[in-house]
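Working notes, structure below.
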Amino acid sequence: MTDLVEQDVAAVTPSPAPSSVPKSRLRSEAFARRLRARHAAERRFRLAGAAAVALAALILMLLLGSIVAKGASAFLEARIRLEVTLDPAEVADRNYTALLRRSLYAQFPQVTDRAGRRVLNDLLSSGAPYELEAMVAKDPALVGTTRTVWVRADDQIDQLVKGGYRRDLPESERGLSDAKVAAADALLASGALAQGFNTTLFTAGDSREPEQAGIGGAIVGSLLTLLVTMALSVPTGIAAAVYLEEFAPKNRWTDLIEVNINNLAAVPSIIFGLLGLAVFLGFFGMPRSAPLVGGLVMALMTLPVIIIASRVALKAVPPSIRQAALGIGASPLQTVLHHVLPLAMPGILTGTIIGMARALGETAPLLMIGMVAFIVDIPHGLTDSATVLPVQIYMWADSPERAFTERTSAAILILLGVLILLNGAAVILRKIFERRW
């Protein structure tokens, strides 16, 4: 009976209301949910960032891998070994072509008809006689002797050795005759056709013949152009930054100058090329396609970048340095030159090197002032006709010959290497001279 009464009482007694749960417990549970949501959002953000970095690295690796795969073979060239008898009469007449062909015919005694010998003639580069002539000019004692020489092969033979032609295709689709393939295979079997390091790529200028084309002229032109750019933009940019940051009064005119400098840094580079075309070539009549004009245009383009980077570096120097120097009696000029500027130099060097790297990789402004011209000779002065590496890459990429494809990729690799070195130098210099406050 007692148990039944207790069950009835329990059934009638209401359960505790939800509002009776302590508010502190509710708040702690809500805080825990929000904290878990924040942590989950942070994890998703990190995963998204890591995925973006991985995707960018993958694309970069694919790009570099494609360029390396296409351009690595350009650092090798095919050469043909010949036993050349330097007949004095032929040397006196400078008939080096006949000397080379006679030596080549001796390796194919079975070829006696004109068509067959024409095929053999096409195995040699058109620049091979000039190689032999340069060898004789360097050592005249070779005249009258028989020497073993290695001369450059034609670009089609070079591509055949490197696997640029598919042998399984018919002759009409291959672009290379079966007779040439057979002659090249015979030279390969005898060891008279081999590959060696392509020094011509670094020492020669441009050429219509791919096997004779090099980037030596473009490298010298780039160095001369950067020399003019540095000589004009670096001291001018640093001086302007020091004046604007340390000495110029803060008024409407200096604000206008600062706004224009920031705007100039964002102007497309081709606009500076149009300016150089109108002013330096049109008004002053300076020589077209010269490193002097190219350097002037690049200096105008990099000047705002150097000014902005130098001002940022000067602002990073603590005001206490200036106050301490002025407190011990240094003049404002001495304070800047002896204390502020040396401490800001790491940032200034970084901005300067990055500006030079940008100038080295520019093409559009130089196209406008004529540095896209076909330049065979290596320039020797600031007013000689020249081209630069980016423009040389642009010109080779537009060439229809198969061998120019690998040279284009090789030039891109060299340009990327120079840019990496410049940016690496900026990072190293900043680490060496950087001070933390």
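All told, residue 370 meets the bar of being modelled with pLDDT under 90, assigned to a loop (DSSP other than H, G, I, E, B) and on the phi > 0 side of the Ramachandran plot. Taking the conditions (1) part of a helix (DSSP H, G or I); (2) free of Cβ contacts under 8 Å to residues at least 12 places away in the same chain in turn, residue 156 satisfies each one other than (2). Examine the range 390-399 for a residue that is acidic (Asp, Glu) and either in contact (Cβ under 8 Å) with a residue 40 or more places away in the chain or assigned to a helix (DSSP H, G or I) (or both), and state whether such a residue exists. Checking the range 390-399: not a single residue is acidic (Asp, Glu) and either in contact (Cβ under 8 Å) with a residue 40 or more places away in the chain or assigned to a helix (DSSP H, G or I) (or both).
Scanning the range 278-305 for residues that are of a type outside the set (Phe, Trp, Tyr), under 18 Å from residue 221 (Cβ atoms) and open to solvent by 20 Å² or more (accessible area, probe 1.4 Å) returns 281, 286, 287, 288, 292, 296. All of (1) surrounded by 13 or more Cβ atoms within 10 Å (Cβ to Cβ); (2) modelled with pLDDT under 90 hold for residue 144 with one exception: (1). Of the listed requirements (1) part of a helix (DSSP H, G or I); (2) among the aromatic types (Phe, Trp, Tyr); (3) open to solvent by less than 30 Å² (accessible area, probe 1.4 Å), residue 108 misses just one: (1).
Would you be able to tell me the number of residues in the range 180-203 that are open to solvent by less than 50 Å² (accessible area, probe 1.4 Å) and either touching a residue at least 40 places away in the same chain (Cβ under 8 Å) or polar (S, T, N, Q) (or both)?
So the count comes out to 13.
Kindly indicate whether any position in the range 311-333 is within 20 Å of residue 231 (Cα to Cα), part of a helix (DSSP H, G or I) and open to solvent by less than 60 Å² (accessible area, probe 1.4 Å). Yes, the range 311-333 contains at least one residue that is within 20 Å of residue 231 (Cα to Cα), part of a helix (DSSP H, G or I) and open to solvent by less than 60 Å² (accessible area, probe 1.4 Å).
The values are calculated or read from the model by the stated rules, or taken from the named source; none is laboratory data. This is a predicted model, so every value here is computed, not measured. Glycine also receives a Cβ, built like all others from the backbone with ideal geometry; neighbour counts cover every protein chain displayed. These area figures cover heavy atoms from the full protein model, side chains too; ligands, DNA and RNA do not enter into them. Shrake-Rupley method; radii C 1.70, N 1.55, O 1.52, S 1.80 Å.
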